[in-house]
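Trainee: Handing you this structure, nothing more for now.
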Amino acid sequence: MVKNQKLCVIGLGFVGLPLGTTFAELGFAVTGIDASPRVKESLKQGRAHFAESGLQELLDRVLGKSFHVADAVEKGAHDIYIIAVGTPIDDSTKEPMMEYVEGASRTIGKALKKGDLVIMRSTVPIGTTRKIVLPLLEEESGLTGGKDFDLVFAPERLVSGKALIELKELPQIIGGYKGEKDVVRASALFSTMTPFIVPVENLEAGEMGKLIDNTYRDLHFAYANQMARLAEKVGVDMTRLASDVNNGYKRNRIPTPSPGVGGICLKKDPYLLMYSGKEYGFHPFLTESAREMNAQMPLHVAERALVLLSAAGKEPSSSTVFVLGFAFKGKPVTSDTRDSPTTTVVQALQKAGCKVIGYDPVVPSDHLASLKVEPASIEEGFKRANAVIIMTNHPEFESLPIEKLIASMAKPAALLDGWHLFDPSLFREIPDFYYAGVGNN
Ligand SMILES: NC(=O)c1ccc[n+]([C@@H]2O[C@H](COP(=O)([O-])OP(=O)(O)OC[C@H]3O[C@@H](n4cnc5c(N)ncnc54)[C@H](O)[C@@H]3O)[C@@H](O)[C@H]2O)c1
């Protein structure tokens, strides 16, 4: 019986906690391990340390029952280990930092017994599971991979905000070290959770499959953003144009442009692919250009906001800018602020001398404080601001009484609608009011 097997999840972040608690609810005995005192403390008090739809309720149901948070991994106490630690990029070198993966591999290696299965779930450069994880597991355990224990790469492909739904809906890719017994074992585990399993050639295919997904998305969004920049020059509304050319024409799905492409995965995974390219002797230049295009967008937004202020006769040093949306995306709703384009916009505005005040429906105010942004309610923010920037498409922003809020602003004033939430024609006739969007004027 697969459910008799004891699971241990290393890393209880945006990936490990939803996964571990979902397996716990499915009937597995799950132990969660995290190196961060903040994470452990929060979980020991019964609180999820980030917002994810349904996660707190799930945690309430399983914590202390089938899901336990431990300080250390007990030797020989588990049958299946899942590595879900972070794989960030070094900001200066843009190269992956592998120390968390190395640490988790060593921790598991020390506890590993014959017959166990290790599942690598963190997103990594191609070759990591074979070249880094496997040797560390073998070194620490004295066991031989493929003979004494099994090893697979099984990527996480969910979007935060819909994690608990997608864990049960998305196909699970699995690439094995030996590609036989290991994949069968991991498939039996994931089949208790997901509708179907997609076995891929080997560990490297699994690792590359994950990177292909995210770099494709980054490229796709970069395409729309590039066209938005051109549309601004031409004087055409790119959001409307994308919708018009998609209308009834099934071959293409051109996305809506955006004020930046953020989030830990879409911003980081292109660098993991570029790093892999270097390792294997091929330069994936399309991926590089796409990343550059998307990385420019928040700076472009900040520049446009400063141009609007100038048109309104305001110096940055005497301007207050109200920023709405600090999470890296608005939909599905998340409190995740990692690699949020808003951070870049705020810092650029502050550097220019602006005072920035802000609001987000789910991001805690201490994040705003860490950016030196004063929290404000929506009504207060509009009243106090010389310019307003909408940075995410959070559902609350879509239903703002925008005309009333604009009427409450002292004129001259400006609005930059980064997500085209409102019809630009609403603003063009307002006296002393300056409007711009991403991909339209
Ligand atoms: N966030 C997402 O939506 C998402 C989606 C798909 C894939 N991924 C990938 O999954 C991996 C994890 O991402 P995340 O968003 O959950 O990261 P995270 O930073 O939220 O969580 C990782 C956790 O691992 C812990 N940790 C680090 N080293 C440890 C160790 N040696 N032992 C125990 N705990 C340790 C950290 O304290 C942290 O809480 C990354 O590779 C990421 O790229 C993330």
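Trainee: Express as a percent, rounded to the nearest 5, the fraction of DSSP beta bridges in the chain (both residues included) that run antiparallel. Walk me through the intermediate numbers first.
Mentor: Values: 4 of 51 bridges.
Here the antiparallel bridges make up roughly 10 percent for the chain.
Trainee: List the residues, sorted by chain then number, that are 5 or more residues from GLY32 or on another chain and whose placed amide H is less than 5 Å from its amide H.
Mentor: VAL9, HIS68, VAL69, ALA70
Trainee: Using only protein heavy atoms and a 1.4 Å probe, report how much of LEU273 is accessible, in Å² to the nearest 10.
Mentor: Spelled out: LEU273, probe radius 1.4 Å, area about 30 Å².
Trainee: For the chain, with a Gaussian network of springs between Cα atoms less than 10 Å apart, report the residue from PHE196, PHE149, PHE285 with the top mean-square fluctuation.
Mentor: Ranking PHE196, PHE149, PHE285 by mean-square fluctuation puts PHE285 first.
Trainee: Same structure, new question: In whole Å, what is the distance between the alpha-carbon centres of segment 72-139 and segment 404-437?
Mentor: Cα centroid of segment 72-139 versus Cα centroid of segment 404-437: 50 Å apart.
Trainee: Continuing with the same structure: Per the helix-only calculation at 222 nm, which mean residue ellipticity applies to the chain, given -39500 (n - 2.57) for every DSSP H run of n ≥ 4 and division by its residues, nearest 500 deg cm²/dmol? Show your work: numbers first, answer last.
Mentor: Numbers: 16 runs with 184 residues, N = 441.
For the chain, the value works out to -13000 deg cm²/dmol.
Trainee: With the dipole of the chain worked out from charges on the C-beta (+1 for Lys and Arg, -1 for Asp and Glu) around the Cα centre, which of SER105, GLY437, VAL62 lies farthest toward the positive end?
Mentor: My answer, from the dipole projection, is VAL62.
Trainee: Taking Rh as the Kirkwood radius computed over C-alpha pairs, what is the Stokes-Einstein D of the chain at 20 °C in a medium of viscosity 1.002 mPa s, expressed in µm² per second? Mind dumping the intermediate values first?
Mentor: Details: Rh = 23.3 Å.
D, rounded to a whole number, is 92 µm²/s.
Trainee: Label-point separation (nm) for ALA188 and GLU380, each offset 7 Å from Cα along Cα-to-Cβ?
Mentor: 5.8 nm
Trainee: Let me ask another. For ALA311 and TYR249, what is the calculated FRET efficiency with R₀ set at 51 Å and r taken between the beta-carbons, to the nearest 0.05? Please list the in-between numbers first.
Mentor: Details: r = 37 Å, r/R0 = 0.72.
Efficiency for this residue pair is about 0.90.
Trainee: Of the options VAL15, ASN4, ALA48, report the single residue whose Cα projects farthest towards the positive end of the charge dipole of segment 1-126 (beta-carbon charges: Lys, Arg +1; Asp, Glu -1).
Mentor: Selected residue: ASN4.
Trainee: Under a straight-distance cross-link criterion of Cα-Cα below 22 Å, which lysines are reachable from LYS147, leaving out those fewer than 8 residues away in the same chain?
Mentor: Partners within reach: LYS6, LYS75, LYS110, LYS113, LYS114, LYS131, LYS178, LYS181.
Trainee: R0 = 35 Å: FRET efficiency of LYS404 with TYR223, Cβ-based, nearest 0.05? Don't jump to the answer; show the numbers that get you there.
Mentor: Details: r = 36 Å, r/R0 = 1.03.
Rounded to the nearest 0.05, the efficiency is 0.45.
Trainee: Tell me, what HN-Hα J-couplings in whole Hz come from the Karplus equation 6.51 cos²θ - 1.76 cosθ + 1.60 at θ = phi - 60° for each residue of segment 427-433, using x for Gly and Pro?
Mentor: Going residue by residue, I get 9, 5, 9, 6, x, 6, 10 Hz, with x marking Gly and Pro.
Trainee: Roughly how much of MET227 is accessible, in Å² to the nearest 10, using a 1.4 Å probe?
Mentor: 50 Å²
Trainee: Next question, about the same structure. Report, in degrees rounded to the nearest 10, the 0 to 90 angle that the Cα long axis of helix 181-190 makes with the longest principal axis of the chain.
Mentor: The angle comes out at about 50 degrees.
Trainee: Give me the angle, in degrees from 0 to 90, between the Cα long axis of helix 341-352 and the longest principal axis of the Cα atoms of the chain, rounded to the nearest 10.
Mentor: Roughly 50 degrees, rounded to the nearest 10.
Trainee: Quick check: Cα centre of segment 262-288 to Cα centre of segment 305-325, how many Å?
Mentor: 35 Å
Trainee: Mind putting a number on the dipole of segment 2-201 about its Cα centre? Charges go on the C-beta only, +1 for Lys and Arg and -1 for Asp and Glu, and I need it in Debye to the nearest 20. Before the final figure, lay out each step's value.
Mentor: Numbers: 24 positive and 26 negative charges, 91 e Å.
The dipole of segment 2-201 has a size of about 440 debye.
Trainee: Let me ask something else. If the cut-off is 28 Å between C-alpha atoms, which lysines fall inside it for LYS411, apart from same-chain ones fewer than 8 positions away?
Mentor: Result set, ordered by chain and number: LYS233, LYS314, LYS351, LYS355, LYS372, LYS383.
Trainee: Next question, about the same structure. Where a Cα-Cα gap under 20 Å defines reach, which lysines qualify for LYS331, not counting those fewer than 8 residues away within the same chain?
Mentor: LYS162, LYS168, LYS267, LYS268
Trainee: Projected onto the charge dipole of the chain (+1 at Lys/Arg Cβ, -1 at Asp/Glu Cβ, origin at the Cα centre), which of SER425, PHE196, PHE328 gives the Cα projection farthest towards the positive end?
Mentor: Result: PHE196, furthest along the dipole toward the positive end.
Trainee: So, for the chain, what is the accessible surface per residue at a probe of 1.4 Å, expressed in square angstrom? Intermediate values should be presented prior to the final figure.
Mentor: Numbers: 19000 Å² over 441 residues.
Per-residue accessible area for the chain comes out at 43 Å².
Trainee: With charges only on Cβ, +1 for K and R and -1 for D and E, what is the dipole size of segment 321-426 about its Cα centre, in debye, rounded to 20? Display every interim value, and only then the final one.
Mentor: Values: 10 positive and 12 negative charges, 72 e Å.
Once rounded to the nearest 20, the dipole reads 340 debye.
Trainee: Here is a follow-up. Just by accessible area at a 1.4 angstrom probe, what is the order of TYR271, TYR435, TYR280 from largest to smallest?
Mentor: The most accessible residue leads, giving TYR280, TYR271, TYR435.
Trainee: In nm, to one decimal, how far is the modelled label at GLU180 from the one at PHE285, with both set 7 Å along Cα→Cβ?
Mentor: 4.4 nm
Trainee: What is the calculated FRET efficiency for ALA35 to GLU292, with r their C-beta to C-beta distance and R₀ = 41 Å, to the nearest 0.05?
Mentor: Working: r = 33 Å, r/R0 = 0.81.
Computed FRET efficiency for ALA35 and GLU292: 0.80.
Trainee: Further question: Take the chain, connect every pair of alpha-carbon atoms lying under 10 Å apart with a spring to form a Gaussian network, then pick out the residue of VAL236, VAL346, VAL85 with the largest mean-square fluctuation.
Mentor: Checking each option, the largest mean-square fluctuation is seen for VAL236.
Trainee: May I pose another question? Place a +1 charge on the Cβ of each Lys and Arg in the chain and a -1 charge on the Cβ of each Asp and Glu, then give the dipole magnitude about the Cα centre in debye, rounded to the nearest 20.
Mentor: On the way: 49 positive and 53 negative charges, 50 e Å.
The dipole magnitude comes to about 240 debye.
Trainee: For the chain, modelled as a GNM with alpha-carbon contacts under 10 angstrom, which of ASP182, ASP339, ASP148 fluctuates the most?
Mentor: Comparing ASP182, ASP339, ASP148 in a Gaussian network model of the chain, the most mobile one is ASP148.
Trainee: Nearest 10 degrees, 0 to 90: what angle lies between the long axis of helix 203-234 and the longest principal axis of the chain (Cα atoms)?
Mentor: 0 degrees
The values are calculated or read from the model by the stated rules, or taken from the named source; none is laboratory data. This structure is a prediction, so every number in the text was calculated from the model and none was measured. Backbone-built Cβ (ideal geometry, glycine too); neighbour counts: all protein chains shown. Please note that ligands, DNA and RNA were not included when accessible areas were found on the heavy atoms of the full protein model with its side chains. Shrake-Rupley method; radii C 1.70, N 1.55, O 1.52, S 1.80 Å.
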